[in-house]
Structures are given as structure tokens and as C-alpha cells.
Amino acid sequence: MQKKTVSLFKTLGYHCILNYTKSRQIYFLEQFHITIDKLDNLGYFAEFAIMTDDESKLADYKLQLHNLAYQFGFNDSEQEHHNYKTILLSKLA
């Protein structure tokens, strides 16, 4: 499947600027989704999320997510706001 996908993108005129390997584990804790990604040569990343269509609950959910991350030992200084591509390219520069 991967070779066919790469071939399709090349046919469409795209070219690879970055290649990395990522493994992902997804956990569910009540209404929360916790995703743990491991990127080779970069390390581990955790994402805490909750799905909702109710915008009135966003502020409360944001606080709950913050508290959940804190319970797992994360603090505000460890938040990463960049995508993997940006992080990896900055390490190559």
C-alpha cells in the first residue's frame, strides 16, 4: 500500500521533502482520547483530546484536559504547538 501511495503522489507531481517513522497508541479514559506518538530520532508526544459538538462546553473541557495532562505529569512548559514537520525541519536546520 505504501509504495502505491508514494507512486500516486509522484505521478501527481509531489516530491518528498521529509520522511519519518511514527508509531501511535490510542487510549480512551472516560470521554477523553489520549494519543501517544513515538517518532524515530525525535521522541514521544502525547495528545489529550475530547470530541464535542457543543461549543458551550469548550472552556470546561479545556480545563478538564489541562487537569488530566497535569495528572499524567505534564506541565504547561511542555506543550508543543508545532506540527511534526515543523519540529523535524527545525532540527535539521
Lone qualifier among Phe28, Phe9 - being part of a strand (DSSP E or B), farther than 22 Å from Ser77 by Cβ and aromatic (Phe, Trp, Tyr): Phe28
Checklist (1) surrounded by 12 or more Cβ atoms within 10 Å (Cβ to Cβ); (2) out of contact with any Leu (no Cβ under 6 Å at 6 or more places or on another chain); (3) modelled with pLDDT of 95 or more applied to Val6, failing item: (3)
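Going by what's in this entry, would Lys91 be described as out of contact with any Gly (no Cβ under 6 Å at 6 or more places or on another chain), exposed (fewer than 15 other Cβ atoms within 10 Å of the Cβ) and over 21 Å from Ile26 (Cβ atoms)? Spell out the reasoning first.
Values: out of contact with any Gly (no Cβ under 6 Å at 6 or more places or on another chain): yes; exposed (fewer than 15 other Cβ atoms within 10 Å of the Cβ): yes; over 21 Å from Ile26 (Cβ atoms): yes.
Taking the combined requirement at face value, the residue satisfies it.
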So Tyr20, is it in contact (Cβ under 8 Å) with a residue 60 or more places away in the chain and either surrounded by 11 or more Cβ atoms within 10 Å (Cβ to Cβ) or in contact with a Cys (Cβ under 7 Å, 6 or more places away or on another chain) (or both): yes
Test: Gln64 is at pLDDT 95 or above and either of a type in the set (Ser, Thr, Tyr) or assigned to a helix (DSSP H, G or I) (or both): yes
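Mind checking which residues of segment 12-27 are among the β-branched types (Val, Ile, Thr), more than 15 Å from Gln2 (Cβ to Cβ) and touching a strand residue (DSSP E or B) at 6+ places or on another chain (Cβ under 9 Å)?
Narrowing segment 12-27 to residues among the β-branched types (Val, Ile, Thr): 17, 21, 26.
With the extra rule that they be more than 15 Å from Gln2 (Cβ to Cβ), the set shrinks to 17, 26.
Correct list: Ile26 only.
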Long-range neighbours under 8 Å by Cβ, at least six apart or interchain, first residue outside any helix (DSSP H, G or I) within segment 77-90, second of a type in the set (A, V, I, L, M, F, W, C) and surrounded by 10 or more Cβ atoms within 10 Å (Cβ to Cβ): Glu80/Phe45; Glu80/Ile87
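The values are calculated or read from the model by the stated rules, or taken from the named source; none is laboratory data. Not measured: the values here are computed from a predicted model. In this analysis, Cβ positions are derived from the backbone assuming ideal geometry, glycine residues included, and neighbour counts consider all displayed protein chains.
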